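For reference, the structure discussed in these notes is given below.
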Amino acid sequence: MFEGLTGHVVLPGDCQYAQARREWNKAVNKFPSVIVYCYEPGDVANAILWSRRQGIPLRLRSGGHNYEGYSTGTGKLVIDTSCMNRIYVDNNNDTVNVQAGTRLAQLYEALSHYGYAFPGGTCPTVAIAGLVLGGGIGLSTRYLGLTADSLIETNMVDAGGNTVTANNCHHSDLLWALKGAGGGNFGVVTSYKFALKRKVNKITLIKLEWSDNIPARRDFLRIWPVWLETLDRRMSAFGGIYKRGAWLYAFFYGRADAAEYILSPLLAIPGITLRQLEYVDFIEAINSISATYSGPEAFKSTGRFMQGPLLPDQVDTLLNIMDNAPSEASSYLSVYSLGGAVRDKNEEDTAFYYRNADYILGASSTWKTEQEAPVHSRWVANAFQYIYTISVGSYINFPYGALPNYQRAYYGNHVLRLQNIKQKYDPDSVFSFPQSIKTAGI
Ligand SMILES: Cc1cc2nc3c(=O)[nH]c(=O)nc-3n(C[C@H](O)[C@H](O)[C@H](O)COP(=O)(O)OP(=O)(O)OC[C@H]3O[C@@H](n4cnc5c(N)ncnc54)[C@H](O)[C@@H]3O)c2cc1C
């Protein structure tokens, strides 16, 4: 039955299966029929063709970080590209070729040897594949743009098992779609070529915390969106509030004294408990943020695009939501800055639609035992319900299964264009999952 599959095949019953079926989100508990670890595009093509011959639907996985577990499924063939993780830096032309399964930590590290900064995400184990296909935001976004904004070429294995190279000259419609429409929709991307925009020595790493400081939460929510409106694009930040405090982590492409001046509205929030502003090597800043992530955990999480300041009653409601959180420290409302270089392109330039959003507002909750899952998931659902009413759209890399009218929410006015591209490259919807793009007319 498994004839034709190449690469490393893992089946239920194999000793590696228990580990191999797992995603980053421990709450995802699926049982694929087959998992194929691919080493080259030929393995990917064989897996796609096998899945079609056998009538076993497939899912694509690289880093396994999809919030809702859309990179796996019970009874599915999982095509896993995590072993395809080679990196080639072309120092003469300021480009890097990265295979799909490359983890961000690996990429940052490789680029740092040549002195390049890179606008990736903050979690070291997220793979480049899923990050860039959804847009990709992090602590260099306002200065260097979305991860997808640096993308200049991709190689993708399509539903027929053929390799398609997409760049500005060939299959430019596909390249457009792969810059923000999310993973798993058009084919299996095996490698990416990025333009490297900046060499950098040192940047300022910022960590601010207001622990055990309930009043700081209100100040934070009030000041954050106003502060962002005129924020120097050399600074990008994420932070948020939890039951008993607030925090902000940021990068500034400049010196610490300038960063301190820019941060003054936030530094003025009373009762700060951690105040770190350090001018350090870029890779040191990356590693310091990476270290704040623990290993895989069970969670529910989501995020929506926001525009404009929060009104006083909106701040009140968000604080009220936070007060009703199921945990002291592992339920939180988070914010991620946008703007700056994200707006250097307009919404037609790439599939990433919400270029004019100011920031993302998310709700997340993590838990330890399965019994706790319902109360945490319910809290996120309640928070989401409210955030939905004050936001403009959803970030595909922070997907939410219960999102109504998901195509519109993720893609805004790009839905039809994306459906037509889907029709062209995957007319039989071989690449499908609960929130995939539908082919035109469906
Ligand atoms: C702890 C944590 C921190 C995060 N931090 C950030 C952040 O700072 N910034 C940010 O923007 N996002 C962040 N994310 C979200 C992250 O970017 C997305 O979950 C991303 O899609 C993960 O990619 P992956 O390859 O690791 O995951 P996967 O689950 O393997 O894949 C994600 C999606 O891409 C598809 N896919 C995977 N491989 C391929 C491929 N080779 N070709 C085509 N499609 C493929 C999958 O089917 C799935 O739909 C974070 C997520 C987590 C869990």
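Tabulated data for the structure shown
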| item | result |
| --- | --- |
| Euclidean distance of C-alpha centroids, the range 80-159 and the range 302-326, integer Å | 32 |
| Packing rank of 46-53, 369-376, 77-84, 180-187, where each peptide gets the mean count of other beta carbons within 10 Å, highest leading | 180-187, 77-84, 46-53, 369-376 |
| Cβ-based exposure ranking for Ser377, Ser140, in which fewest neighbours within 10 Å come first | Ser377, Ser140 |
| In sequence order, calculated HN-Hα J values of the range 304-314 (Karplus, 6.51, -1.76, 1.60; Hz; x Gly/Pro) | 10, 7, 10, 10, x, x, 8, 6, x, 6, 5 |
| With Cα atoms, 0 to 90° folded angle of helix 415-425 axis to the chain main axis | 30 |
| Sum of -39500 (n - 2.57) over DSSP H runs of 4+, divided by residues of the chain (222 nm, nearest 500) | -8000 deg cm²/dmol |
| All-pairs Cα distance distribution in the range 246-345, expressed in whole percent, bin size 10 Å | 10, 33, 40, 17, 0 |
| Which of Trp176, Trp210 has the fewest Cβ neighbours within 10 Å, and the rest in rising order | Trp176, Trp210 |
| Positive-pole candidate from Val36, Gly75, Trp50, dipole of the range 8-80, charges at beta carbon | Gly75 |
| Qualifying aspartates and glutamates (Cα of each under 18 Å from Cα of Lys30; at least 8 residues distant if same chain) | Asp14, Glu68, Asp80, Glu297, Glu370 |
| Long-range HN-HN contacts of Gly393 with modeled amide H, under 5 Å | Phe305 |
| Over the chain, equivalent-ellipsoid semi-axes from the Cα gyration tensor in Å | 35, 25, 21 |
| Nonlocal amide H pairs with Arg59, under 5 Å, H built at 1.01 Å | Leu77, Val78, Ile79 |
| Charge dipole (the range 194-254, unit charges on Cβ, about Cα centre) - positive-most of Phe252, Met235, Phe194 | Phe194 |
| Over 24 Å (Cα to Cα) - which of Lys179/Lys438; Lys179/Lys202; Lys197/Lys345; Lys76/Lys422; Lys199/Lys345; Lys193/Lys422 fall in this group | Lys179/Lys202 |
| Sequence-distant residues sharing a close amide H with Val164 (under 5 Å, placed H) | Met156, Val157, Asp158 |
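Readers should treat all values here as calculations from the given coordinates under stated rules, not as data from a laboratory. Nothing here was measured: the structure is a model prediction, and the numbers come from that model. Heads up, the Cβs are rebuilt from the backbone with ideal geometry, glycines too, and the neighbour counts pull from every protein chain shown.
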